[in-house]
1. With Cβ to Cβ distances under 14 Å as the rule, what net charge do the other residues near B:E182 carry (K, R +1; D, E -1)?
2. Any chance you could give the angle, 0 to 90 degrees and rounded to 10, that helix A:148-174 forms with the longest Cα principal axis of chain A?
3. According to the Kirkwood expression over distinct Cα-Cα pairs, how big is the hydrodynamic radius of the protein assembly as shown, in Å?
4. Amide H to amide H under 5 Å from B:E237: which residues, 5+ apart in sequence or cross-chain, H placed 1.01 Å off N in plane?
5. Rounded if a/c is under 1.5, else prolate if a/b beats b/c, else oblate: with a ≥ b ≥ c from the C-alpha gyration tensor eigenvalues square-rooted, which is chain A?
6. Under the classification rounded if a/c is under 1.5, otherwise prolate if a/b is larger than b/c and oblate if not, where does the range B:195-336 fall, given a ≥ b ≥ c as square roots of the Cα gyration tensor eigenvalues?
7. What is the average number of partner chain Cβ atoms found within 10 Å of a Cβ in A:183-194?
8. Tell me the mean residue ellipticity at 222 nm calculated for chain A from its helices only (DSSP H runs of n ≥ 4, each -39500 (n - 2.57), averaged over every residue, nearest 500).
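No lab work stands behind these numbers, since they all come straight from the coordinates. Model, not experiment: these values are computed from the prediction. Cβ coordinates were reconstructed from backbone atoms using ideal geometry, including for glycine residues, and neighbour counts include every protein chain displayed.
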Amino acid sequence: MSKPVSLGLPAPRRRWAKLPRPPLAVALAALVLLALIGMAVFAPWFTHHAPQALAPALRLKGPSAEFWLGTDAYGRDLYSRIVYGARVSLTVGLGVAVFSVAIGLPLGLLAGYFRTLDALLMRVMDGLMAVPGILLAIAIVSLSSAGLATVMVAIMLPEIPQVVRLVRSRVLSAREEPYVEAAVLMGTSTFKLLARHLMPNTLAPLIVQGTYICASAILTEAILSFLGAGIGTETPTWGNIIAEGRLYFQLKPGLVLWAGLALSLCIVSINLLGDAARDALDPRMKKR
Amino acid sequence: MACEQAPLLQVENLRVATAEGRPILHGVSFHIQPGETLCLVGESGSGKSVASLATLGLLPKGALQVEGGTITFAGEALLGASARRLKALRGNRVAMIFQEPMTALNPVLSVGRQIDEVLCCHTRLDAAERRAKTLDALAQVHLPDIQRIYGAYPHRLSGGQRQRIMIAMALVLEPTLLIADEPTTALDVTTQQQILTLIRELQQRHGTAVLFITHDMGVVADIADRVCVMHQGQVVEQGAAAQVLGQPRQAYTRQLLAAVPALAPRAPRAAGSAQVVLDVVELSMVYPGPRRLLRRSPGTCAADQVSFNLTRGRTLGIVGESGSGKSTVARCLMRLLTPSAGAVRVTGKDISELSAAGLKPHRKRIQMIFQDPNRSLNPRRSIAQSLIEGPMNYGIDRAEALTRAQRLLELVGLPADALGRYPHQFSGGQRQRIAIARALAMEPDVIVADEAVSALDVSVQAQVLELLDGLQQRLGVAIVFITHDLRVAAQLCDEVLVMRRGQVVEYGTAAQVLGAPQHTYTQQLMAAVPGKAWDFSAAARS
């Protein structure tokens with residue numbers, strides 16, 4: 001009875017060794033995102049024009065050796081503006097994703113596990129969700145100054161209920177799992193139960209949701225800039241570059257398209273990486 | 001055999017592999033004569049379902065593919081037949097019924113409409129004729145009040161009734177071959193008996209051949225004309241039922257038969273210690289009904305005045321069909337539910353009304369083993385982490401808990417290097433061993449095993465039962481064993497308690513309850529055990 005059974009399995013490997021070899025698309029996405037982040041961080045090294053430098057004589061020029069992507073309606077170097085624009089867009093995208101997950105995750109765990117708290121918390125979340133996101137953001141921005149922090153808070157607030165609902169629904173189904181009940185029977189404290197057994201269940205969908213929030217925050221920031229409720233045009237963002245370029249789209253489509261390309265590349269890369277991370281983190285998604 | 005008529009279905013040297021080229025079936029051959037029942041029997045992963053799906057051209061596309069062999073149905077080659085031809089054959093000439101009737105029926109159409117749809121697709125009858133034929137089919141499967149059933153939706157029917165609907169739907173076109181894939185596995189034993197009788201009756205009336213896929217040797221003994229035993233994608237043995245079950249030629253068949261638990265109760269054991277470790281007094285559990293406008297509607301009484309006790313080192317079996325309240329009792333014992341009334345005394349202390357904090361010191365006295373070993377271990381935590389969690393919650397330091405975990409793994413027959421692995425690297429039986437080790441790590445006085453071997457193959461089930469029995473003798477732990485399987489109860493239990501609709505109908509020693517049942521319900525249960533007339537152990541010895 002107590003004779004050991006041979007398992008015939010390979011020895012367990014370290015966690016990183018278990019991650020699947022990335023397919024080409026994921027590698028490419030990581031490369032693009034790294035390049036964008038590098039560009040944003042070291043923007044002065046990649047450009048030789050200040051993004052705000054006006055040159056009215058050189059307005060709406062085509063691409064040249066001096067201005068790689070041409071100039072905009074005020075003669076500012078479009079290439080420099082897009083490179084510097086990555087700073088705001090990436091900060092807003094990543095910041096909103098990280099903070100809304102960091103706030104929504106504990107709230108969702110509590111709502112899913114404590115039934116009495118659930119009723120109260122979810123009504124507040126329903127209230128937040130009932131206000132259109134853009135409208136709420138405009139209201140918040142117009143109540144205080146239109147700085148980077150205000151814009152981020154304004155975009156984050158409507159995203160939090162989405163995270164809370166997602167986490168709560170995962171907790172509600174996971175808490176019925178026998179392994180959670182087994183942990184309860186072993187005297188595991190509520191905090192450990194939430195942290196060890198319930199939270200890991202929510203991470204895979206949260207990563208996907210996080211990438212979606214990141215992409216959507218970058219877009220929302222662009223919309224706010226376009227509506228004039230976002231960050232002013234003296235600080236270039238992909239959003240306000242597109243908004244300004246829109247007026248001259250028929251004359252110089254590049255004004256919209258180059259910033260649009262950067263935006264699309266960024267969002268596609270983030271989504272691809274999110275999917276890849278989900279597959280890698282969930283042991284059940286592995287086929288072999 | 002030469003004078004027999006041509007077989008209805010002939011499968012020759014069928015080879016199926018996964019898309020990656022890993023073989024699933026290695027040259028499987030079997031045949032079915034018109035009007036006979038062939039049982040494909042084997043444990044999970046033996047390829048019995050794949051063989052039947054390949055026959056109908058229903059292998060999941062992109063995952064499994066036929067590599068070679070022939071399938072001939074009534075003289076027609078099925079491999080290479082067009083999708084359209086196969087579709088016409090399915091339904092018209094060949095029908096299939098599945099294990100879980102709820103998922104096979106469309107939940108938003110009435111069952112009458114669903115049978116009508118089959119007739120609509122395959123015949124040219126007008127609406128009135130179709131309705132008459134549908135009602136006739138419902139009557140043939142002995143459903144009550146067929147006019148009402150015709151308009152009923154699947155969720156309004158019981159599991160047995162749904163399976164009857166599936167059979168009616170399968171047989172309404174009078175196919176010549178019925179493929180039944182574990183059709184009674186999800187059903188209670190008394191319902192199972194009725195469905196088996198029904199399939200037999202309809203088969204005799206219409207001369208349908210049946211390909212019956214099952215893992216249950218008892219069902220095989222009851223229904224098969226011929227048996228085909230499969231193991232790891234190969235046919236191990238086939239022949240007439242009496243021959244395969246009576247004088248098996250292959251070691252694997254003998255092993256399979258020997259693993260079927262005997263229905264005779266185990267020899268009574270001398271009572272060891274007189275210490276009562278679990279005393280349950282008039283335990284009741286009422287689930288509150290839905291809240292109506294002004295008052296609550298009456299609740300459901302899932303357990304009604306259940307009383308029993310258990311001394312150290314003994315095993316009590318709680319048996320009953322689904323909905324009898326046995327799992328509710330288990331959850332009340334574990335305080336996963338708070339009972340509405342009554343007392344649960346674990347080593348003398350009533351835990352039924354303790355608060356969460358007050359409960360903690362007593363939790364470790366009573367531990368549980370769950371039904372599904374795939375879900376009772378956290379997939380993201382290593383075996384070591386799962387095993388040391390409980391002891392560490394009670395203040396044992398990590399190093400000592402790890403030593404204990406290692407010792408326990410050896411005790412349940414797993415290598416010590418299993419500690420660093422994750423649950424998905426183990427088979428179902430091994431995972432159940434780990435779950436047992438986890439329960440034992442708390443050094444409990446009582447273990448509650450809720451259908452702990454029901455999800456396991458019969459040979460694995462026998463090993464786990466043997467393990468539990470050995471551990472009990474060594475450690476003196478008392479076991480509450482909850483099961484729907486009377487054979488398992490007879491093997492393991494000293495006392496047996498029979499439940500029905502939340503009430504205890506019979507309670508006594510295994511010899512009394514299973515040997516000479518007094519209550520009519522217990523007698524019905526005993527009568528419905530599949531293959532009860534067959535002595536599997538004798539066949540295995542021969």
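1. Values: positive: B:K48; negative: B:E43, B:E100, B:D181, B:D216, B:D457.
Combined, the nearby Lys, Arg, Asp and Glu give -4.
2. Here the helix axis deviates by roughly 20 degrees.
3. On the way: mean 1/r = 0.0316 Å⁻¹.
So the Kirkwood estimate lands at 31.6 Å.
4. Placed amide hydrogens put B:V229 under 5 Å from B:E237.
5. Working: a/c = 3.61, a/b = 1.70, b/c = 2.12.
It comes out oblate by the Cα gyration axes.
6. Values: a/c = 3.40, a/b = 1.57, b/c = 2.16.
It comes out oblate by the Cα gyration axes.
7. On the way: counts 6, 7, 15, 15, 13, 6, 2, 1, 0, 3, 0, 0.
So the per-residue partner count for this stretch is 6.
8. Numbers: 11 runs with 189 residues, N = 288.
It comes out at -22000 deg cm²/dmol, rounded to the nearest 500.
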